[in-house]
Amino acid sequence: MGNRKLLLVGGGGHCRSVLDCVLRSGAYDAIGIVEREGAADKTVLGVPIVGHDADLPRLLADGWHYAAVTLGSIGALTRRRALYQQLKALGFQLPVLADPSAVISSHAELAEGAFVGKRAVINAGSSVGVCAILNTGSVIEHDCTVGGFVHVSPGAVLCGAVQAESNAHIGAGAVVIQGVRIGCDSIIGAGSVIIRDVPADCIVVGNPGRILERK
């Protein structure tokens, strides 16, 4: 396999989900956590914190060639983007990380930095953007387009040919029916059923979904 050393940047709850999947995959020879300066924990799920954000250039020089942004998206989307840009500028490789239980069509396309959680499904003809999060048990049906930094929460379902534009958040258990477009930066509330297009910068809740707020 060679020297495959993976850094997970951000050591909170989302990191635990990603780390557990990475450990299950056995795809890396070494895993380390990068946390913010002053973080109290020494390890995450037994995996050591090997440095802080300022240490990333040194860690790259030490052979940690792979990295993933594992800061969660809720309330931290701007920081997630900044970390991605920092890792790219430094020269890290950002692999797709997927749990072994995920079902990913060989006819789907996943961009760098995407995460696919336990028992998630990505069907044929779909594309997933940079650093998107497809969380536990989510379903991305055929011919969907999931933009960069989109978060599809646990148990959410995008039916065929849905377009979820960049930065959109699809809440847990939400269902988006076929052919619907979710605009950039919009939030779909947990359990909502979306039957028509959602404009950008909206919060939509309910069954059927209605605009609660324009951001």
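Structural remarks
- In the set (1) touching a residue at least 24 places away in the same chain (Cβ under 8 Å); (2) under 17 Å from SER126 (Cβ atoms); (3) not small (Gly, Ala, Ser), CYS184 fails one condition alone, (2).
- Answer residue from the stretch 152-176, given it is without any contact (Cβ under 8 Å) to a residue 60 or more places away in the chain and within 13 Å of the chain's Cα centre (by Cα) and is farthest from VAL139 (Cα to Cα) among those: SER166
- Residues of the stretch 21-45 that turn out to be open to solvent by 60 Å² or more (accessible area, probe 1.4 Å) and either more than 21 Å from ALA82 (Cβ to Cβ) or in contact with a Cys (Cβ under 6 Å, 6 or more places away or on another chain) (or both), as a count: 8
- Test result for ALA54, assigned to a helix (DSSP H, G or I), under 23 Å from HIS151 (Cα atoms) and free of Cβ contacts under 8 Å to residues at least 60 places away in the same chain: no
- Residue count for the stretch 171-183, restricted to those that are open to solvent by less than 40 Å² (accessible area, probe 1.4 Å) and within 19 Å of GLY72 (Cβ to Cβ): 3.
- LEU83, sole failed condition from (1) crowded, with 19+ Cβ neighbours inside 10 Å; (2) assigned to a loop (DSSP other than H, G, I, E, B): (2)
- Residue check, ILE194 out of contact with any His (no Cβ under 9 Å at 6 or more places or on another chain), open to solvent by less than 10 Å² (accessible area, probe 1.4 Å) and over 19 Å from HIS14 (Cα atoms): yes
- Only listed residue being touching a helix residue (DSSP H, G or I) at 6+ places or on another chain (Cβ under 7 Å), crowded, with 17+ Cβ neighbours inside 10 Å, closer than 30 Å to GLN178 by Cα and touching a residue at least 60 places away in the same chain (Cβ under 8 Å), chosen from GLY72, GLY113: GLY72
- Subset of the stretch 86-109 that is in a loop (DSSP other than H, G, I, E, B) and polar (S, T, N, Q) - its residue that is surrounded by the fewest Cβ atoms within 10 Å (Cβ to Cβ): SER106
The values are calculated or read from the model by the stated rules, or taken from the named source; none is laboratory data. Quick caveat: nothing in here was measured; it's all calculated off a predicted structure. Please note: Cβ atoms are built from the backbone with ideal geometry, for glycine as well, and neighbour counts cover all protein chains shown. Just the protein is used for accessible areas: all its heavy atoms, side chains included, with ligands, DNA and RNA removed. Shrake-Rupley method; radii C 1.70, N 1.55, O 1.52, S 1.80 Å.
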